[in-house]
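For reference, the structure is listed below as structure tokens.
The values are calculated or read from the model by the stated rules, or taken from the named source; none is laboratory data. All values derive from a computational prediction rather than experimental measurement. Positions of Cβ are generated from backbone atoms using ideal geometry, with glycine treated the same way; all protein chains shown enter the neighbour counts. Remember, those area values only see protein heavy atoms, side chains included, never the ligands or the DNA or RNA. Shrake-Rupley method; radii C 1.70, N 1.55, O 1.52, S 1.80 Å.
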Amino acid sequence: KFCKDKRLLLRVLKKSAWGWSDEFDEYIHPELKDDLAFMKEAVKLSGENLFHASPRLKDNKSLVNLALEKKAHALKYASHRLKNDKAIVLKAVKKTPSSFKHASKELRSNIKFLKKTFNSEPLGMFHNCHCSLRKQPEIYIPAIKKNPGCVFRFSPNVILKLNIEELSKNTRSSVFEAYQQKVE
């Protein structure tokens, strides 16, 4: 049986220890998932509630911003268009840097945006960039210089192809040791 009583549903949602569960989902009328006012109230209770919004509302900038204020990882429930919106992504990353993994592939592959987002911090850029960028010397060299353990993110075949001439002798030795551990 579906309920359209917004106040009642919001009270139940507020008092529920489990939040918006599958059980709660059985009682809510599907139209409410596309009701901006209702979903704003639900998202104020928990940013995770963005998951239950209609596709149209997952593309609503004000609703997504509200969800990000509560939980930066709510970015994963936003529409692709908003996952590609630099202001939205920066807001999420400012609150929780690891939320960057939910940004669009386009933004995670944009070196200029990575540099701006992570203040050119090598490890932040290396760990958060799209895997296709990780193999570029301007990404991996500074990261490996700062932490040779970064090389463990690569397969043995990729390690063999890395240009490590710029690295110190000790760091090159660490890369070689990592390669040996990976092939054993």
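Only a single criterion out of (1) β-branched (V, I, T); (2) surrounded by fewer than 20 Cβ atoms within 10 Å (Cβ to Cβ); (3) at pLDDT 95 or above is not satisfied by T171, namely (3).
Does region 151-166 hold any residues that are in a helix (DSSP H, G or I), of a type outside the set (K, R) and either open to solvent by 70 Å² or more (accessible area, probe 1.4 Å) or closer than 12 Å to K135 by Cα (or both), and which are they? Result: V151, F152, N157, V158, I159, L160.
Listed by first and then second residue, the pairs linking a residue in region 1-25 that is at positive phi to a residue that is surrounded by 13 or more Cβ atoms within 10 Å (Cβ to Cβ) and part of a loop (DSSP other than H, G, I, E, B), with Cβ atoms under 7 Å apart and 6 or more places separating them unless they lie on different chains, are G19/S46. The condition of being open to solvent by 30 Å² or more (accessible area, probe 1.4 Å), at pLDDT 95 or above and of a type in the set (D, E, K, R) holds for only one of K101, K135, that being K101. For I141, the requirement of being farther than 30 Å from E41 by Cα, open to solvent by less than 40 Å² (accessible area, probe 1.4 Å) and in contact with an Asp or Glu (Cβ under 6 Å, 6 or more places away or on another chain) is met. Flag: S62 matches the condition of being at pLDDT 95 or above, polar (S, T, N, Q) and surrounded by fewer than 17 Cβ atoms within 10 Å (Cβ to Cβ).
Residue-wise test of (1) open to solvent by 20 Å² or more (accessible area, probe 1.4 Å); (2) more than 19 Å from the chain's Cα centre (by Cα); (3) of a type in the set (G, A, S).
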| residue | (1), (2), (3) |
| --- | --- |
| R7 | yes, yes, no |
| R11 | yes, yes, no |
| K15 | yes, yes, no |
| W18 | yes, yes, no |
| E26 | yes, yes, no |
| L45 | yes, yes, no |
| K70 | yes, no, no |
| H73 | yes, no, no |
| A78 | no, no, yes |
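Hey, any hits in region 157-179 for a residue that's within 22 Å of S104 (Cβ to Cβ) and of a type outside the set (A, V, I, L, M)? Checked region 157-179: no residue is within 22 Å of S104 (Cβ to Cβ) and of a type outside the set (A, V, I, L, M). Answer yes if at least one residue in region 86-93 is surrounded by fewer than 17 Cβ atoms within 10 Å (Cβ to Cβ) and not in a helix (DSSP H, G or I), and no otherwise. Within region 86-93, not a single residue is surrounded by fewer than 17 Cβ atoms within 10 Å (Cβ to Cβ) and not in a helix (DSSP H, G or I). Pairing each residue of region 49-65 that is part of a loop (DSSP other than H, G, I, E, B) with any residue that is hydrophobic (A, V, I, L, M, F, W, C), provided the two are 6+ apart or on different chains, yields C-beta distances under 6 Å for A53/M39.
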